[in-house]
Structure formats: C-alpha cells, structure tokens
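As structure tokens, the structure follows; a few thoughts come after it.
The values are calculated or read from the model by the stated rules, or taken from the named source; none is laboratory data. Keep in mind the model is a prediction, meaning the values are calculated, not measured. Glycine gets a Cβ as well: all are built from the backbone with ideal geometry, and neighbour counts include every protein chain shown. Only protein heavy atoms, including side chains, enter the accessible area calculation; ligands, DNA and RNA are left aside. Shrake-Rupley method; radii C 1.70, N 1.55, O 1.52, S 1.80 Å.
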Amino acid sequence: MGKSVEDVRRDMPCLKDLVYLDSASVVPAPLPVLKAMEEYLSRFPFNYGVGVWRRTVEAAARVDEARRIVARAFGATSEKEIAFTKNTTEAINLVAQGLRWKDGDEIVLTTLEHQSNAIPWMRAAQEHGGRVRFVPADADGMVDPGDVRKAMTTATRLVACTHVSNVFGTIQPVKEIAQIAHEHGALAFVDAAQSAGRIPVRVDEIGCDFAAFCGRKALMGPQGTGFLWGHLNLLEQLQPLTTGSRGANVVDEEHYKVTLPPYKFEAGVLNTSGVIGLGRAIQYVEEIGCEAIRDHIRDLTAYMIESLRATAGVTFHGSGRLDRQAGIVMWTVDGMDPDQVARELDRIGNVAVASGAQGSLLAIKPKGLTSIVRTSVHYCNTQEDIDALAAALRKIVVQ
C-alpha cells in the first residue's frame with residue numbers, strides 16, 4: 001500500500017520534460033487510469049445500460065463499479081446518490097436548475113466562489129425572482145461562519161460555498177457553514193472541485209445536502225468527468241437538467257416517466273471510458289493515501305511560499321497558515337502582467353503556471369487585483385519543481 005512521489009511521476013510521462021505547477025487546473029491522468037480506459041475502448045467499447053449480451057453487460061458492470069467506488073470514497077449512503085457529469089459546472093447546474101424555486105428565495109454565496117459556483121445561482125435567482133447575497137472573505141481568503149450567519153434570513157433557501165478556494169487555496173469551514181444553513185432551514189451545497197484529492201473529503205462528515213466534484217483536477221481522472229452527490233430524497237425532487245432516453249421513458253403518445261436517480265440525470269450515452277477512468281483514478285488516489293497526499297502538499301506549499309517571499313519583486317497574496325492550505329497560492333510580479341509572467345516562465349524555465357483571474361474576480365478584487373499568477377502543487381510535485389520556478393523567476397525579475 002502506498003506510492004512514492006517517484007512512482008507517481010513515472011506514471012505521468014508528460015512530466016519528464018515539464019515543470020508543472022498548475023494542478024488546480026488539471027492533474028495528468030496516470031498510466032493505470034489510461035490503461036483502464038484503453039481496456040474498455042479496445043475490449044468492450046459499448047454503451048452503458050444498452051444491450052444484454054455479455055460484453056455490454058461487462059461495460060455496464062465497469063461503470064456500476066466506478067459508481068460504487070465514488071460512493072464509498074466520499075461517504076455516500078448509496079451509489080444511487082452519485083450522478084456522473086462532464087464537470088463540476090454541470091453538477092452545480094443540476095441543482096441550480098433542478099430545484100423548484102419560489103419568488104423571493106434567497107441564495108447565500110461567498111466572494112471566494114469560482115464563477116461556475118456563482119453564475120448558475122445568479123441565473124436561478126434572476127429567472128425565479130430571487131436574490132443572491134455574497135458573504136465577503138477576509139484578506140487571507142477565509143470565510144467566517146459568523147458572517148454567513150449574519151447573511152441568513154427567513155427567505156434563505158440555499159447556501160453554497162467552495163471547500164477550497166481556487167486562488168487562495170484556503171480550506172473553508174464548510175461543516176460549520178452547513179450547520180448554519182440547516183439551523184435556518186436552508187440547504188447546504190459544497191463545491192468540492194478543488195478539495196477532493198487534495199484533502200480528505202467525506203460528505204457524511206461535512207453534513208451538506210449536495211456536493212459537486214471534478215474528475216480531472218486533484219482526483220487525477222480523465223478530462224470531461226465529474227459527479228454530483230446529493231441525499232437521495234433530494235435528488236428525487238430535482239428536475240433533470242436534460243432529459244431523454246435513459247433519463248426517462250415514453251409511456252404513450254402523451255406521457256413519459258422520468259427514471260429514478262441517478263439515471264434521471266444521465267440522459268443519453270455516458271462518457272463511459274471517462275467514468276471507468278475516474279473510478280480507477282479514485283482507486284489510485286486511495287493507493288497513495290489521502291493523508292499522504294495532504295501532508296506532501298502541505299510540505300511543498302510551505303517551501304513554495306517561503307521561496308516566493310524570498311524572491312525580490314514578487315508579492316505573495318494570501319495566508320501562510322499551513323493548517324488552512326491545500327496547495328494553491330497566488331502572487332504577482334511588480335510591473336509585469338501575470339500573463340506575461342506565465343509566458344516568460346514557460347519560455348525561460350519550461351515552467352507551467354496559471355494566470356488571469358481564474359474565474360474568481362470577486363476573490364481577488366478586494367486586493368486591488370484583476371489578474372494573478374497561480375501556482376499549485378500535488379503529490380506529483382517535488383522541491384526541485386519549486387527551485388526551478390524560483391530560478392526562472394529570478395531571471396525574469398532581473399530582466
């Protein structure tokens with residue numbers, strides 16, 4: 001049990017000639033994940049849930065196993081509570097468009113939300129005569145549960161909060177926020193896109209009602225994968241975002257019947273190879289160990305923050321408290337546009353970083369910023385990656 005950093009790097013050939021510091025965008029799927037997908041594509045590349053002959057049954061069994069793996073890993077009561085999606089954004093929209101909103105309903109968000117966990121709720125409020133309230137984070141990128149409590153009213157229907165900020169990297173007190181939502185009769189929604197695979201995540205321990213997950217980020221799964229978790233009774237009440245075959249069945253010329261969760265949310269043909277790959281990716285994460293990943297990320301984050309703070313001309317924006325960190329930090333270079341910094345790091349040191357607002361303008365705006373450089377680490381990273389970043393940065397600053 002357990003994999004070394006070297007083991008993981010060998011399973012990610014693209015890292016041989018790249019200093020990759022953008023795991024908050026995507027973590028390359030390791031070879032065992034690609035092998036599971038290739039096996040499906042070469043041996044039984046057939047539709048999930050269609051057909052009764054042996055190889056279609058085998059294909060369906062692999063997807064069903066992936067669903068069980070997901071449910072077990074994240075504390076679901078049943079695999080029926082797991083609906084596969086193409087990304088976190090779709091999972092969020094399943095709830096935002098699926099709830100039966102009433103005129104005057106209020107939704108509480110935080111300024112840390114990625115716009116994919118803001119726009120769907122803003123749209124729902126606009127379409128149904130509701131209102132969105134934003135709770136501001138502090139200068140270190142933390143949301144105070146007390147401020148969430150102050151934002152609650154008798155009209156609050158749902159509270160949505162990111163588990164880990166995609167720019168600050170801060171771990172939010174989602175358990176306390178969920179409790180506050182429930183005390184006021186509201187639903188609690190958690191965006192786990194950045195937390196799953198970085199820190200241990202269990203929905204039964206958080207106590208939320210819904211949670212949206214991303215496959216391609218820290219879970220090391222394939223592109224185009226994600227999933228929604230929700231309490232089964234709540235999923236039964238949601239209207240599906242899209243409908244069609246497998247999501248519903250025709251009864252007669254005038255009627256159709258919606259299927260039960262999770263299938264009501266998976267109309268049409270699934271990204272079958274992607275789902276199978278996602279299941280294998282979660283097993284891969286478990287083989288490393290969630291605690292081992294968290295500890296490695298924390299150690300690298302400390303080294304990265306120290307390195308950035310020691311580099312002249314670089315301003316680190318965020319908190320150095322490692323107990324709140326999940327391996328994502330933001331910074332700027334004096335007198336340089338972040339996109340220019342990213343291009344120069346790539347050119348000079350073959351270092352890959354993220355730049356721009358990263359979909360989180362409301363999070364960085366209070367610091368007087370509209371664009372930042374973001375570096376993020378995972379289990380596949382080493383101190384040598386940070387050293388390469390620092391060396392390239394010193395050359396940029398000198399220029």
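Annotations
- Stokes-Einstein D (µm²/s) once Rh is taken as the Kirkwood radius of region 187-306 over alpha-carbon pairs, at 4 °C in 1.567 mPa s: 79
- Region 214-253, Cα convex hull volume normalised per residue, Å³: 110
- Rounded to 10°, Cα long-axis angle of helix 383-398 versus longest principal axis of the chain: 60
- At R0 = 41 Å, FRET efficiency that the Cβ-Cβ distance of GLU236 and GLN340 yields, to 0.05: 0.20
- Region 318-399 shape via C-alpha gyration tensor axes, a/c threshold 1.5: oblate
- Under Karplus coefficients 6.51, -1.76 and 1.60, residue-wise ³J(HN,Hα) of region 20-33 in Hz, glycine/proline x: 9, 10, 9, 5, 5, 8, 6, 10, x, 5, x, 4, x, 5
- Pairwise Cα inverse-distance average, inverted: Kirkwood Rh of region 178-225 (Å): 11.6
- Accessible area of LEU34 in the full protein assembly, 1.4 Å probe (Å², nearest 10): 80
- Comparing PHE46, MET220, LEU232 along the charge dipole axis of the chain, the residue lying farthest to the positive side is PHE46, per the Cβ-charge model.
- Taking N as the residue count of region 251-352, its C-alpha radius of gyration divided by 2.2 N^0.38 Å amounts to 1.78.
- Dipole magnitude of the chain about its Cα centre (Cβ charges: Lys, Arg +1; Asp, Glu -1), debye to nearest 20: 300
- Since only PRO145, THR110, HIS128 are under comparison, the one whose Cα sits farthest along the positive direction of the charge dipole of region 108-166, derived from C-beta charges on Lys, Arg, Asp and Glu, is HIS128.
- Dipole check for region 318-384: with +1 at the C-beta of Lys and Arg, -1 at the C-beta of Asp and Glu, and the Cα centre as origin, the magnitude is about 280 Debye.
- Projected onto planes of every orientation and averaged, the convex hull of the alpha-carbon atoms in region 1-73 covers 6.9 nm².
- Each helix, a run of at least 4 DSSP H residues, gives -39500 (n - 2.57); summed and divided by the residues of the chain, these come to -11500 deg cm²/dmol at 222 nm.
- Potential lengthening of the chain between LYS175 and GLU253 amounts to 23.3 nm, from the contour at 0.36 nm per residue minus the alpha-carbon distance.
- Spin-label model, GLN383/ARG54: points 7 Å from Cα along the beta carbon direction are separated by 5.5 nm.
- Taken about its Cα centre, region 246-399 carries a charge dipole of roughly 420 debye when the Cβ of each Lys and Arg holds +1 and the Cβ of each Asp and Glu holds -1.
- For the chain: accessible area per residue (Å², 1.4 Å): 42
- Histogrammed with a bin width of 10 Å, the alpha carbon distances of region 358-399 distribute as 23, 33, 39, 5 percent, first bin at zero.
- Computed from the alpha carbon atoms alone, the convex hull of the chain holds 141 Å³ per residue.
- Stokes-Einstein diffusion coefficient of region 34-162, Kirkwood radius over Cα pairs, 20 °C, 1.002 mPa s, in µm²/s: 121
- Spatially proximal lysines relative to LYS264 (Cα-Cα < 27 Å; intrachain offsets below 8 disregarded): LYS80, LYS86, LYS102, LYS217
- Virtual paramagnetic centre 7 Å along Cα→Cβ of LYS35, amide N under 18 Å, in region 259-299: 274, 276-289
- Within the accessible area of the chain (1.4 Å probe), percent carbon and sulfur: 50
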